[in-house]
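Report on the following structure.
The values are calculated or read from the model by the stated rules, or taken from the named source; none is laboratory data. Just so it is clear, the model here is predicted, and its values are computed rather than measured. Note: ideal-geometry Cβ built from the backbone for every residue, glycine included; neighbour counts use all protein chains shown. The area values use the complete protein model at the heavy-atom level, side chains included, leaving out ligands, DNA and RNA. Shrake-Rupley method; radii C 1.70, N 1.55, O 1.52, S 1.80 Å.
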Amino acid sequence: WWFGFGHFAAGLYWIGLAFMTFPDRFGWMAPFAVIGLAAGLAVFPAFAAALLRLSGTFGVGRILVFSGLWTFLEWLRGWVFTGFPWNPMGSAWVVSDAMIQLAALTGVFGLSLLTVTVAAMPAVLADGEEGSDMRRELKYVSAAVLVLGAVWAGGALRLAGAVEGVQPGVVLRLVQPNIDQRLKWRSDLRSKHVERQLTMSGKSADPPPTHIIWAETAAPFYLAEEAEIREVMARAVPVGGYIITGAPRITPKREKPLKVYNSLHAIDGNGNVAATYDKFHLVPFGEYVPFKDILGLSKITEGSTGFTPGTGPLTIRLAGLPPFSPLICYEVIFPGRVTDPNDRPSWLLNITNDAWYGDSPGPHQHFAAARLRAVEEGLPLVRVANTGISGIIDAYGRTVARLELGQEGILDGALPVRLEGPTLYARMGDWIALAAMAVVCGAGMAMGARKPTN
């Protein structure tokens, strides 16, 4: 548990920065949020360690049981209490385009299983008795390193035969205004924020953009109810294209009870809302407060009413664009839950606002998660963030182009093509990784049933 506490506190300390955006209202909650979250998440590796101890295994079997249990509890963390699969061990490999290709087969949890097994394997050297022959243990360590090398080689081979290409006739413009979160919702500045993004959207380019994409809540109005604002936005819409933007959405006044959604809208050249998507995986305490009547707390985002979840993944079809699956903010961190299984899209669109977290590891970790979803699904991913990191990612998880964190600017780019068919992971989901965990644990129990004698 203590290891898990340190691991999560170090990896997620930046969450406290969100509470310091308005320190007079929420600053007191920052240490409780970081410490409480780390303490709660630490239960998962602690439980894995407890089960390992109960297994009574030794030697290499102990290592295998440990890695299988750790990864299973990591997977379970993605589901319990709405789930929070942030920074699974497999995400460490985003430093290597070749290594993350395994995610196309097993998802990120297969990468986690590999990572924990290899990283823990040297511990087998401590199981030999003093003066014993260590050659067997060294063979296990060497085998783990060889498996790691084989995964890298397989990934490199996959990239060598990568399908290249872009969608013809599609030029996307990503707008990153870098608006300070403390200023974003000020009543005297909201219209100016929209005007600023319209100016950025209208800049000339060759070739000109066909579609323009803004970030999460980039339009800080109930846009579906604001026809005049949509008419102004329509002037910046490319001919035959759309401005796709995040905005809050409210149910009509005649409908009771009142519901507010964190939404995405596509605005056409006539100022009409051509498509809408409502975020379905909401952030606890950020977008709604669990047990609000008991805790008596307010969410830290704008407004007193908590957001209502949407109905789930959706594939949107717009003229001039291949069908896409919209994902708002941290919806992109959930493996296997980023597309409608009955209506497969051609690409993923992730709009977000990471301004809450400043210049911290948070936005970088978020971007890494997006890259892994692209590999798993075999789909290109476009990410647009208010303060960054915005970018275009191909179906192999490679970053084609990006705007850095804290940078104001626009990014024009083509949309990469998807893979011909769904990846094995897209077809099977986490079942392959779960089966591998079971096999590894079973093998570990058989190999480590009793302490070896020399």
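Going through (1) modelled with pLDDT under 95; (2) open to solvent by less than 20 Å² (accessible area, probe 1.4 Å); (3) of a type in the set (Gly, Ala, Ser); (4) farther than 17 Å from ALA18 by Cα one by one, SER325 falls short only on (1). Among residues that are among the basic types (Lys, Arg) and in a loop (DSSP other than H, G, I, E, B), ARG402 is not included.
Among residues of the range 167-190 that are within 28 Å of ALA401 (Cβ to Cβ) and free of Cβ contacts under 8 Å to residues at least 24 places away in the same chain, those with a beta-carbon under 6 Å from a residue that is open to solvent by less than 70 Å² (accessible area, probe 1.4 Å) and of a type outside the set (Gly, Ala, Ser) at least six positions away or on a different chain give the pairs LEU183/LEU189. Looking only at the range 394-407, residues that are crowded, with 16+ Cβ neighbours inside 10 Å and of a type outside the set (A, V, I, L, M, F, W, C) come to 6 in all. On the basis of being open to solvent by less than 10 Å² (accessible area, probe 1.4 Å), modelled with pLDDT under 95, assigned to a loop (DSSP other than H, G, I, E, B) and closer than 16 Å to PHE307 by Cα, does PRO220 make the cut? Yes. So which residues in the range 354-372 are polar (S, T, N, Q) and open to solvent by 10 Å² or more (accessible area, probe 1.4 Å), if there are any at all? Matches in the range 354-372: GLN365 only.
Among the conditions (1) modelled with pLDDT of 95 or more; (2) buried (at least 23 other Cβ atoms within 10 Å of the Cβ), VAL124 misses just one, which is (1). Screening ALA50, ALA104, ALA33, ALA92 for residues that are open to solvent by 10 Å² or more (accessible area, probe 1.4 Å) and in contact with a Gly (Cβ under 8 Å, 6 or more places away or on another chain) leaves exactly one candidate, ALA33.
Kindly provide the set of residues from the range 154-189 that are under 23 Å from PRO422 (Cβ atoms) and of a type in the set (Asp, Glu), ordered by number. Hit for the range 154-189 is GLU164, nothing else. Can you name the residue in the range 174-207 that is surrounded by fewer than 14 Cβ atoms within 10 Å (Cβ to Cβ) and among the polar types (S, T, N, Q) and, of all such residues, is nearest to ILE229 (Cα to Cα)? It comes out as SER191.
A search for C-beta distances below 7 Å between a residue of the range 406-434 that is over 30 Å from PRO207 (Cβ atoms) and of a type in the set (Gly, Ala, Ser) and any residue that is open to solvent by less than 40 Å² (accessible area, probe 1.4 Å) and not in a helix (DSSP H, G or I), counting only pairs 6+ apart in sequence or on different chains, returns ALA426/GLY378; ALA433/GLY107.
Can you tell me which residue within the range 63-98, out of those that are on the phi > 0 side of the Ramachandran plot and under 17 Å from the mean Cα position of the chain (by Cα), is modelled with the lowest pLDDT?
Top of the filtered list is THR82.
Go through the range 408-437 residue by residue and tally those that are of a type in the set (Val, Ile, Thr), open to solvent by less than 40 Å² (accessible area, probe 1.4 Å) and either under 14 Å from VAL108 (Cβ atoms) or under 20 Å from the mean Cα position of the chain (by Cα) (or both). Summing the residues that are of a type in the set (Val, Ile, Thr), open to solvent by less than 40 Å² (accessible area, probe 1.4 Å) and either under 14 Å from VAL108 (Cβ atoms) or under 20 Å from the mean Cα position of the chain (by Cα) (or both) in the range 408-437 gives 1.
Among the residues of the range 438-451, those that are part of a loop (DSSP other than H, G, I, E, B) and either in contact with a Pro (Cβ under 8 Å, 6 or more places away or on another chain) or open to solvent by 50 Å² or more (accessible area, probe 1.4 Å) (or both) comprise ALA449, ARG450, LYS451. For first residues located in the range 259-273 and over 11 Å from LEU223 (Cα atoms), partners that are modelled with pLDDT under 95 and of a type in the set (S, T, N, Q) and lie 6+ apart or on another chain with Cβ distances below 6 Å form the pairs LYS259/THR251; LYS259/THR308; VAL260/THR305; TYR261/THR308.
Yes or no: VAL440 within 30 Å of LEU51 (Cβ to Cβ) and among the β-branched types (Val, Ile, Thr)? Here the answer is yes, as VAL440 does meet what is asked.
Remark: ARG135 falls outside the filter, which requires a residue to be of a type in the set (D, E, K, R), open to solvent by 60 Å² or more (accessible area, probe 1.4 Å) and either in contact with a strand residue (DSSP E or B) (Cβ under 9 Å, 6 or more places away or on another chain) or closer than 25 Å to ASP394 by Cβ (or both). For the range 239-264, the set of residues classified as in contact with a strand residue (DSSP E or B) (Cβ under 7 Å, 6 or more places away or on another chain) and open to solvent by less than 20 Å² (accessible area, probe 1.4 Å) consists of GLY241, ILE243, ILE244, THR245, GLY246, ALA247, PRO248, VAL260, ASN262, SER263, LEU264, listed by residue number.
Number of residues in the range 373-393 that are open to solvent by less than 10 Å² (accessible area, probe 1.4 Å), assigned to a loop (DSSP other than H, G, I, E, B) and on the phi < 0 side of the Ramachandran plot equals 4.
Listed here are the residues, each with its yes/no results for (1) farther than 15 Å from ARG402 by Cα; (2) free of Cβ contacts under 8 Å to residues at least 24 places away in the same chain.
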residue: PRO309; (1), (2): yes, no
residue: LEU318; (1), (2): yes, no
residue: PRO335; (1), (2): yes, no
residue: VAL338; (1), (2): yes, no
residue: ASN342; (1), (2): yes, yes
residue: TYR357; (1), (2): yes, no
residue: ALA370; (1), (2): no, no
residue: ARG373; (1), (2): yes, no
residue: GLU376; (1), (2): yes, no
